[in-house]
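For reference, the structure discussed in these notes is given below.
The values are calculated or read from the model by the stated rules, or taken from the named source; none is laboratory data. Keep in mind the model is a prediction, meaning the values are calculated, not measured. When we count neighbours, we look across all protein chains shown, and the Cβ atoms used for this are built from the backbone with ideal geometry, even at glycine.
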Amino acid sequence: MRQAEPICSPRQLELLANKVHRHLGLDFSGNRRADLLRRLRQLAEKQDGEPSLWLEQLAFGDWDDAQIQRLIPAFTVGETYFRRDPEAFEWLARQHLRPLLQRRREAGQYRLRVWSAACCTGEEAYSLLFMLDELLGGERERWTVELLASDINGSFLARAEQGCYGQNAFRRNEEAFRSRYFQAEGNAWRVRPQWRGRIRFLQHNLTAGPLPDPRSSLIGVDLILCRNVLMYFSAEHASAALRGLQACLSPEGILLLSAVEAGLASQAGFSGFWAGSNYALAAGGQGPRPLPAMPPAVAYEPTTSAKLERESVIEPPAVPVEPSREQLWQHAETALEQGRHELVRTALQAYLAQSGLTPNQRYEACLLQARSWAEQQRSAEAREWLQRAQALDPAEPQAYWLQAMLARHEGDVPAALQALHKLLYLAPECPMAHFQQGLLLRETGRRQAGDKSLRRCCRLLQDEAHEPLQFAEGLGRDQLRKLCEQLLGDEPCPPS
Ligand SMILES: C[S@@+](CC[C@H](N)C(=O)[O-])C[C@H]1O[C@@H](n2cnc3c(N)ncnc32)[C@H](O)[C@@H]1O
């Protein structure tokens, strides 16, 4: 890994990590420490004066509200897009909202309160608004629908209020969706007037704001979405935030998290349930359907060929009634080898719902799930899981490799090169990354640059430390060197 010039002492970094944790709930311990340092460095370099002095003051000084507000943008991740998880929206419409609306109709109560917590720049909240309007159809005027959306980052909220979005907010092939709800404005798309001003955006820190909060209508909520944020929190802050959020639910309300946040809920003592591929908590702590220790579908029989292959080596493990974390992991890996993707998903769900998983274990689970989606040619889902992995550990190269391979498979060479570029920043001595970079550059007509990457790969291959080769999937060092030499016109590999 490339080492940056020290900009603050380990003691200062420790103090800064503690402060970010205390005030924002964000966990920059372990592997994420390097990411904290990178963000602090960028922040310090934007200040007037000597960056290291500024950081020293930040580490030893007190942080008041104004200081926290100034720092928030540096530590928050603005990754979101419209209908980020279509399956979640479908589940919500079918299993939660439609029946709830019907019960309210029957009781003559035409009210609904919905909250997108940690809404970022508003894509999730608008997606909810559009979905609710569709569900209510001609009855819309009759209902009082309150849609609240909160985030800690005031500049994200200001963008959300404007409702004006670039291409990056629309990641799926959704021309019909975009033209229905948005109008073109230069290179961007603005939410059409009939949907503007219908969401109340408010600033709220999930680790500090008291909940429930009747003054802000954060109480009696029928649906809370809090997704892809608690995964950045430490277990203790996630647990406190979950307790607060759950206390805001109406008796029929649910709180929807992402799958990767299921373990944080279990660790905090909540018993939730799977809402399709996502994890939900009901009001009062108990999910209507308690999480099965291991869904029966995972008790698979290996396919004959895989079974034969394995029988000569080891006995296939008996499937216990309540598998351990290790057994669940093994099930997921074996199911992936066998191409049994539904089983991969169920085993990983059960794994992710285990309490006490480390961020690294969650990272590995995200990667495995991404691989499974990629093998099913479901690129959007694979990308989503890769993003989760990268959020959990931005300094780990493996996710960038998969991202590059996925982009390459889709024919998106610039995206593949960008992912390889990030990988090489983190692991500059990775022969396979140089090799792939060389191939892609040559494919796009940049022969000289491509050859340079291939020569670099060759040079690195002289070093025996690169056996086995990372990301080579069975390809040996000598084979790769021969490939490079062939591509370079039988030019022998340069000495190291
Ligand atoms: C990756 S985005 C997720 C956005 C959206 N929920 C989604 O799933 O697409 C994470 C959001 O959490 C917000 N956030 C981080 N820490 C927070 C905190 N302590 N309180 C409230 N929001 C926070 C960030 O500002 C960012 O907008």
- Please indicate, with yes or no, whether at least one residue in the range 122-129 is surrounded by 14 or more Cβ atoms within 10 Å (Cβ to Cβ), of a type in the set (Gly, Ala, Ser) and assigned by TED's automatic domain parsing to the domain that holds ARG32. no
- Item | Residue that is more than 15 Å from the chain's Cα centre (by Cα) and either more than 23 Å from GLN436 (Cα to Cα) or part of a helix (DSSP H, G or I) (or both), where the choices are ALA380, ALA399, ALA335, ALA391 | ALA335
- Task: Give me the pairs, please: first residue somewhere in the range 239-268 and on the phi < 0 side of the Ramachandran plot, second residue anywhere and part of a helix (DSSP H, G or I) and basic (Lys, Arg), beta-carbon distance under 8 Å, and either six or more positions apart or on two chains.
- Result: GLU252/ARG103; SER258/ARG388; VAL260/ARG362; VAL260/ARG388; GLY263/ARG362; ALA268/ARG243
- Candidate set from the range 150-177 (those that are charged (D, E, K, R) and modelled with pLDDT under 95); member that is farthest from the ligand (Cβ to nearest atom): GLU175
- Message: As an exercise: evaluate TRP54 against (1) touching a Ser or Thr at 6+ places or on another chain (Cβ under 9 Å); (2) over 15 Å from GLU236 (Cβ atoms) and give the number of the one condition it does not meet.
- Response: (1)
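Residue by residue, here is whether (1) touching a strand residue (DSSP E or B) at 6+ places or on another chain (Cβ under 7 Å); (2) more than 16 Å from ASP222 (Cβ to Cβ); (3) in the same structural domain as PRO212 (by TED's automatic domain parsing); (4) not hydrophobic (A, V, I, L, M, F, W, C) holds:
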site: ALA117; (1), (2), (3), (4): yes, no, yes, no
site: ARG142; (1), (2), (3), (4): no, yes, yes, yes
site: VAL145; (1), (2), (3), (4): yes, no, yes, no
site: GLU174; (1), (2), (3), (4): no, yes, yes, yes
site: PHE177; (1), (2), (3), (4): no, yes, yes, no
- Query: Of the residues that sit in the range 334-368 and are out of contact with any helix residue (DSSP H, G or I) (no Cβ under 7 Å at 6 or more places or on another chain) and among the hydroxyl-bearing types (Ser, Thr, Tyr), which one is surrounded by the fewest Cβ atoms within 10 Å (Cβ to Cβ)?
  - Reply: THR358
- Which of the following residues is outside any strand (DSSP E or B), at pLDDT below 95 and in contact with a Phe, Trp or Tyr (Cβ under 7 Å, 6 or more places away or on another chain): PRO317, PRO290? PRO290
- What number goes with the only condition from (1) of a type outside the set (Asp, Glu); (2) farther than 18 Å from GLU79 by Cβ; (3) at pLDDT 95 or above; (4) in a helix (DSSP H, G or I) that TYR126 does not pass? (2)
- Item | Matching option when the condition is touching a Pro at 6+ places or on another chain (Cβ under 6 Å) and more than 16 Å from the ligand (Cβ to nearest atom), among GLU106, GLU45, GLU50, GLU139 | GLU45
- Query: Any idea how many residues of the range 44-76 are farther than 18 Å from PHE156 by Cα, exposed (fewer than 13 other Cβ atoms within 10 Å of the Cβ) and among the aliphatic types (A, V, I, L, M)?
  - Reply: 1
- Which condition number in (1) touching a Leu at 6+ places or on another chain (Cβ under 6 Å); (2) more than 21 Å from LEU206 (Cα to Cα) is the one that PHE28 fails? (2)
- Task: Can you give me the number of residues within the range 109-123 that are away from the ligand (no atom under 16 Å from the Cβ) and in a helix (DSSP H, G or I)?
- Result: 0
- Query: Pick from PRO214, PRO210, PRO193: which is within 16 Å of the ligand (Cβ to nearest atom) and either at pLDDT 95 or above or exposed (fewer than 15 other Cβ atoms within 10 Å of the Cβ) (or both)?
  - Reply: PRO210
- Query: Restricting the range 53-87 to residues that are assigned to a helix (DSSP H, G or I) and among the small types (Gly, Ala, Ser), which is nearest to the ligand (Cβ to nearest atom)?
  - Reply: ALA74
- Query: Any idea which of (1) crowded, with 22+ Cβ neighbours inside 10 Å; (2) among the small types (Gly, Ala, Ser); (3) not in a helix (DSSP H, G or I) is the one GLY474 doesn't satisfy?
  - Reply: (1)
- Query: For residues in the range 217-233 being away from the ligand (no atom under 11 Å from the Cβ) and either not assigned by TED's automatic domain parsing to the domain that holds SER250 or not hydrophobic (A, V, I, L, M, F, W, C) (or both), which is surrounded by the most Cβ atoms within 10 Å (Cβ to Cβ)?
  - Reply: ASP222
- Looking only at the range 453-471, and only at residues there that are within 34 Å of the chain's Cα centre (by Cα) and not hydrophobic (A, V, I, L, M, F, W, C), the one that is surrounded by the most Cβ atoms within 10 Å (Cβ to Cβ): SER453
- Note on the structure: Restricting the range 475-489 to residues that are among the aliphatic types (A, V, I, L, M) and within 38 Å of the chain's Cα centre (by Cα), the one farthest from GLN448 (Cα to Cα) turns out to be LEU475
- Task: Kindly indicate which of ARG459, ARG408 is basic (Lys, Arg), more than 16 Å from the ligand (Cβ to nearest atom), part of a helix (DSSP H, G or I) and over 24 Å from ASP85 (Cα atoms).
- Result: ARG459
- Task: Identify, by number, the condition in (1) within 26 Å of LEU392 (Cβ to Cβ); (2) within 23 Å of the chain's Cα centre (by Cα); (3) more than 11 Å from the ligand (Cβ to nearest atom); (4) at pLDDT 95 or above that ALA93 doesn't meet.
- Result: (1)
- Consider only pairs whose beta carbons are under 6 Å apart and that are at least six residues apart or on different chains; among these, list those whose first residue lies in the range 410-429 and is surrounded by fewer than 17 Cβ atoms within 10 Å (Cβ to Cβ) and whose second residue is not in a loop (DSSP other than H, G, I, E, B). GLU410/SER379; VAL413/LEU440; ALA415/ALA407; GLU429/LEU460
- Note down all Cβ pairs under 8 Å where the first residue falls in the range 456-468 and is under 15 Å from PRO428 (Cβ atoms), the second is in a helix (DSSP H, G or I) and at pLDDT below 80, and they're at least six residues apart or on different chains. LEU460/HIS466
